[in-house]
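Derivation of every value follows stated rules applied to the coordinates shown; laboratory data play no part. Since we're looking at a predicted model, the values are computed, not measured. Every residue, glycine among them, receives a Cβ derived from its backbone with ideal geometry; neighbour counts consider all protein chains shown.
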Amino acid sequence: MTDGSTGGPGGLPDLRVDQPHTARVYDYYLGGKSNYEADRKAGDQVMAVWPGAPVAARTNRAFMHRAGRVLATEYGMDQFLDIGAGIPTEPNLHQVVQDENPRARIVYVDNDPIVLAHARALMDSSPEGRTAYVHASVTEPQTILQAPELTRTLDFSRPVAMSAVALLHFVPDESDPYACVAELVDALPSGSALVLSHGTGDFDPEAMKKVAQIYKSGGTEAQARSRAEFARFFEGLDLVEPGIEVPHRWRPDVAGGARIGTGQEAVDDATVGLWAGVAVKP
Ligand SMILES: C[S@@+](CC[C@H](N)C(=O)[O-])C[C@H]1O[C@@H](n2cnc3c(N)ncnc32)[C@H](O)[C@@H]1O
């Protein structure tokens, strides 16, 4: 585990619980327990203007699970690099893909000290597979790519499925998320995959403008992107069917897949407010 976040008492990570953090606010939407008063206050403010946030969070995770299953089964992927992993929430990505292939290896990356603090829960790999955790930002591709935890775990001469699910809307244009994603994808061999989901104002622009403002006032940059702006992340890659879609319509019938937002629980596009897609590197 790379440690770049100590600073609290006794060398523990400084969680800065007095200000909201995206990972903990998301944990609040998901009904988790790893959140604090400041996170719940921000989450409540968001839900006042976007009541769909908890449904969106569960729909988003269900998409991630289905995408993982599709890549593990139909594309034979057994190496995963999940950036912006979030606070462990069962099932985690490694549990989903190791359910399909117990030998799968997963490297998780996040830059929030609370995810680092809980990373042990991501380390319960199947005996045949392996998991690792890297504390780093998506805006530092080389820190991620050169982390010993990553190079020991993944073989970059074989395809890797890289995901950044519900992450890039926290990386504003000033930090050039397109260049960061391109640098990471460049390092992956042909046959690798990119899995993304992203907040959008395409369905309810006013609500998403207010949501971004709430995150900003809590100290987090947030930028919703249109379908065309989202599509730019996949430039040079081949989108797999059904292409760019709302997460609840992306392969809703995958065997063994989570079905939140895909029929068992009806949702509409404005409630979810996300675009999703999976592409393969030619
Ligand atoms: C909304 S959560 C999504 C978690 C998980 N990917 C999912 O979809 O269920 C966003 C995650 O991205 C992380 N994050 C935000 N900015 C980041 C950055 N610059 N680098 C790495 N992770 C980041 C947050 O700490 C948080 O855990």
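Between HIS21, PRO88, GLY201, the Cα set farthest toward the positive side of the dipole of the chain (charges on each charged residue's Cβ, about the Cα centre) is that of PRO88. Once you order the gyration tensor axes a ≥ b ≥ c over the Cα atoms, which shape class does segment 49-152 get: rounded for a/c under 1.5, otherwise prolate or oblate by comparing a/b with b/c? The shape class here is oblate. Antiparallel beta bridges, as assigned by DSSP with both residues in segment 13-280, represent about 35 percent of the total such bridges. Its Cα centre serving as origin, segment 166-282 has a Cβ charge dipole (Lys and Arg +1, Asp and Glu -1) of approximately 200 debye.
Annotation: lysines with alpha-carbon distance below 17 angstrom to LYS216 (same-chain offsets under eight excluded): LYS41. Estimated purely from DSSP H runs of n ≥ 4, each contributing -39500 (n - 2.57), the mean residue ellipticity at 222 nm for the chain is -10000 deg cm²/dmol once divided by its residues. Each residue of segment 222-237 was assigned a 3J(HN,Hα) from its phi angle through the Karplus curve 6.51 cos²θ - 1.76 cosθ + 1.60 (θ = phi - 60°); the sequence is 8, 9, 6, 10, 6, 4, 5, 5, 5, 4, 4, 5, 9, 3, x, 10 Hz, with glycine and proline shown as x. For segment 150-228, averaging the sequence separation of C-alpha pairs within contact (under 8 Å, six or more residues apart) and dividing by the residue count gives a relative contact order of 37 percent. Hey, which aspartates and glutamates would be in cross-link range of LYS281, C-alpha to C-alpha under 17 Å, not counting anything within fewer than 8 residues on its own chain? Candidates past the 8-residue exclusion: GLU74, ASP78, ASP82, ASP155, GLU183, ASP186, GLU235, ASP238, GLU241. Derived scalar couplings between HN and Hα for segment 13-27 equal x, 7, 7, 6, 6, 7, 10, x, 10, 4, 4, 7, 5, 5, 4 Hz in order, rounded to whole Hz, by the Karplus curve 6.51 cos²θ - 1.76 cosθ + 1.60 (θ = phi - 60°), x for Gly and Pro. Lys/Arg Cβ at +1, Asp/Glu Cβ at -1, dipole of segment 13-280 taken about the Cα centre: which of ALA279, LEU116, ALA136 is farthest positive-ward? Positive-most Cα among the choices belongs to LEU116. In a fully extended conformation the segment linking GLN146 and ASP99 would gain 14.1 nm over its present Cα-Cα distance, using 0.36 nm per residue.
Each of ALA57, ALA187, PRO159 was placed along the dipole of the chain (beta-carbon charges, centred on the mean Cα), and the one lying farthest toward the positive end is ALA57.
On a per residue basis, the convex hull of the C-alpha atoms belonging to the chain measures out at 118 Å³.
In a reduced charge model with +1 at each Lys and Arg Cβ and -1 at each Asp and Glu Cβ, segment 172-216 shows a dipole moment near 220 debye about its Cα centre. Note on segment 124-175 and segment 183-201: Cα centroid distance 11 Å, given to the nearest whole angstrom.
Here the chain is treated with +1 on each Lys and Arg Cβ and -1 on each Asp and Glu Cβ, and its dipole about the Cα centre works out to around 400 debye.
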